[in-house]
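Novice: Can you keep this structure in mind? I'll have questions shortly.
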Amino acid sequence: MAILLPELPYGKDALAPVISANTLDFHYGKHHKAYVDNLNKLIAGTDLEVKSLEEIIKIAAKDSVKAGIFNNAAQVWNHSFYWRCLKKSGGGAPTGAIAAKINAVWGNYEKFAEELKNAGMTQFGSGWAWLVLEGDQLKITKTANADTPLAHGQKPLLTLDVWEHAYYLDYQNRRPDYLAAVIQNLINWDFVNANLVS
Ligand code: MN
């Protein structure tokens with residue numbers, strides 16, 4: 001059972017100009033694909049070959065010998081999730097159940113957006129900013145490199161990729177500008193709401 005590269009949920013130019021087709025060509029077509037290809041090579045002929053991606057992540061997270069498998073599996077999952085967190089003409093203040101939950105924790109959307117952006121800006125080096133559920137508590141977190149909330153008993157609701165490959169072609173070193181533009185224009189709140197009840 002090979003792990004598959006899921007199709008992008010939109011065309012390569014759908015997120016432009018916030019995220020260009022050129023970035024998606026490399027980020028999805030090269031980086032994400034490479035994680036899938038590497039993972040399939042690493043699990044071929046092992047007992048992980050018949051496991052789901054989520055099972056592989058949870059098993060490899062507990063075994064330092066499987067760090068390479070963990071890194072590639074978690075990056076496959078994180079990227080598949082990230083693409084679904086974005087959509088053309090998204091972003092801005094949320095609607096639905098997540099809006100009430102965000103207001104209950106942060107007081108208002110503006111404060112939430114500032115803290116989410118800050119999590120992405122302060123992740124030193126490569127990683128991810130997240131909105132997660134821990135139990136029934138909404139939290140903003142960040143993880144380094146390939147690490148994922150799935151390995152920490154948290155339920156991911158939303159993520160922003162802050163590896164340089166996510167923004168360097170469009171924003172060069174200006175990670176804060178990438179984060180601000182994505183938060184303002186691309187967050188798919190329908191997907192976040194669906195994750196709340198999945
Ligand atoms: Mn990435």
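Novice: Kindly check whether there is at least one residue in the range 71-85 that is out of contact with any Cys (no Cβ under 8 Å at 6 or more places or on another chain), assigned to a loop (DSSP other than H, G, I, E, B) and among the basic types (Lys, Arg).
Specialist: Checked the range 71-85: no residue is out of contact with any Cys (no Cβ under 8 Å at 6 or more places or on another chain), assigned to a loop (DSSP other than H, G, I, E, B) and among the basic types (Lys, Arg).
Novice: Looking at this structure, is Ala67 in a helix (DSSP H, G or I) and open to solvent by less than 70 Å² (accessible area, probe 1.4 Å)?
Specialist: Numbers: in a helix (DSSP H, G or I): yes; open to solvent by less than 70 Å² (accessible area, probe 1.4 Å): yes.
For Ala67, the condition - in a helix (DSSP H, G or I) and open to solvent by less than 70 Å² (accessible area, probe 1.4 Å) - is met.
Novice: Give the residues of the range 156-182 that are assigned to a helix (DSSP H, G or I) and either in contact with a Cys (Cβ under 6 Å, 6 or more places away or on another chain) or open to solvent by 10 Å² or more (accessible area, probe 1.4 Å) (or both), sorted by residue number.
Specialist: Those that are assigned to a helix (DSSP H, G or I) and either in contact with a Cys (Cβ under 6 Å, 6 or more places away or on another chain) or open to solvent by 10 Å² or more (accessible area, probe 1.4 Å) (or both): Glu164, His165, Tyr168, Leu169, Asp170, Tyr171, Arg175, Pro176, Asp177, Ala180, Ala181.
Novice: For Asp37, state whether it is acidic (Asp, Glu), without any contact (Cβ under 8 Å) to a residue 24 or more places away in the chain and part of a helix (DSSP H, G or I).
Specialist: The answer is yes for Asp37.
Novice: Please enumerate the residues belonging to the range 183-198 that are polar (S, T, N, Q) and either out of contact with any Cys (no Cβ under 6 Å at 6 or more places or on another chain) or open to solvent by 40 Å² or more (accessible area, probe 1.4 Å) (or both).
Specialist: Selection gives Gln184, Asn185, Asn193, Asn195, Ser198.
Per-residue answers, yes or no, for (1) in contact with a Ser or Thr (Cβ under 9 Å, 6 or more places away or on another chain); (2) closer than 21 Å to Ile183 by Cα:
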site	(1), (2)
Lys33	no, no
Gly45	no, no
Glu49	no, no
Leu53	yes, no
Ala74	yes, no
Asn78	yes, yes
Gly91	no, yes
Ala100	no, yes
Asn108	no, yes
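Novice: Given the conditions (1) part of a loop (DSSP other than H, G, I, E, B); (2) open to solvent by 20 Å² or more (accessible area, probe 1.4 Å), and given that Val105 satisfies all but one, which numbered condition is not satisfied?
Specialist: That leaves (1) as the condition not met.
Novice: Take the residues in the range 70-102 that are aliphatic (A, V, I, L, M) and open to solvent by less than 40 Å² (accessible area, probe 1.4 Å), then tell me which one is farthest from the ligand (Cβ to nearest atom). If you could, list the steps in order and put the result at the bottom.
Specialist: Within the range 70-102, the first condition is being aliphatic (A, V, I, L, M), and the residues that meet it are 73-74, 76, 86, 93, 97-100, 102.
Pick out the ones that are also open to solvent by less than 40 Å² (accessible area, probe 1.4 Å) and you get 73-74, 76, 86, 98-99, 102.
Values: Ala73: 14, Ala74: 11, Val76: 11, Leu86: 12, Ile98: 24, Ala99: 28, Ile102: 25 Å.
Taking the candidates together, the pick is Ala99.
Novice: Does His152 meet the test of being at pLDDT 95 or above and in contact with a His (Cβ under 6 Å, 6 or more places away or on another chain)?
Specialist: Considered against the rule, which asks whether it is at pLDDT 95 or above and in contact with a His (Cβ under 6 Å, 6 or more places away or on another chain), His152 comes out as no.
Novice: Has the range 58-75 got at least one residue that is in contact (Cβ under 8 Å) with a residue 40 or more places away in the chain and under 23 Å from Arg174 (Cβ atoms)?
Specialist: Taking every residue of the range 58-75 in turn, none turns out to be in contact (Cβ under 8 Å) with a residue 40 or more places away in the chain and under 23 Å from Arg174 (Cβ atoms).
Novice: Which one is farthest from the ligand (Cβ to nearest atom), of the residues in the range 103-119 that are touching a strand residue (DSSP E or B) at 6+ places or on another chain (Cβ under 7 Å) and closer than 17 Å to Asn193 by Cβ? Before you say what the answer is, go through the steps one by one.
Specialist: Here is the first cut: in the range 103-119, the residues touching a strand residue (DSSP E or B) at 6+ places or on another chain (Cβ under 7 Å) are 105, 115-116, 119.
Subsequent filtering for residues that are closer than 17 Å to Asn193 by Cβ retains 105, 116.
Details: Val105: 27, Leu116: 17 Å.
The residue in question is Val105.
Novice: Identify the single condition in (1) within 16 Å of the ligand (Cβ to nearest atom); (2) outside the structural domain of Ala73 (by TED's automatic domain parsing); (3) farther than 14 Å from Leu86 by Cβ that Val36 does not satisfy, given that it satisfies every other one.
Specialist: (2)
Novice: Under the condition of being open to solvent by less than 10 Å² (accessible area, probe 1.4 Å) and touching a helix residue (DSSP H, G or I) at 6+ places or on another chain (Cβ under 7 Å), which residue from the range 144-155 is farthest from the ligand (Cβ to nearest atom)?
Specialist: The residue in question is Thr148.
The values are calculated or read from the model by the stated rules, or taken from the named source; none is laboratory data. Computed from a prediction, not measured in an experiment: that's the story for all the values here. Backbone-built Cβ (ideal geometry, glycine too); neighbour counts: all protein chains shown. For accessibility, only protein heavy atoms count, side chains too; no ligands or nucleic acids. Shrake-Rupley method; radii C 1.70, N 1.55, O 1.52, S 1.80 Å.
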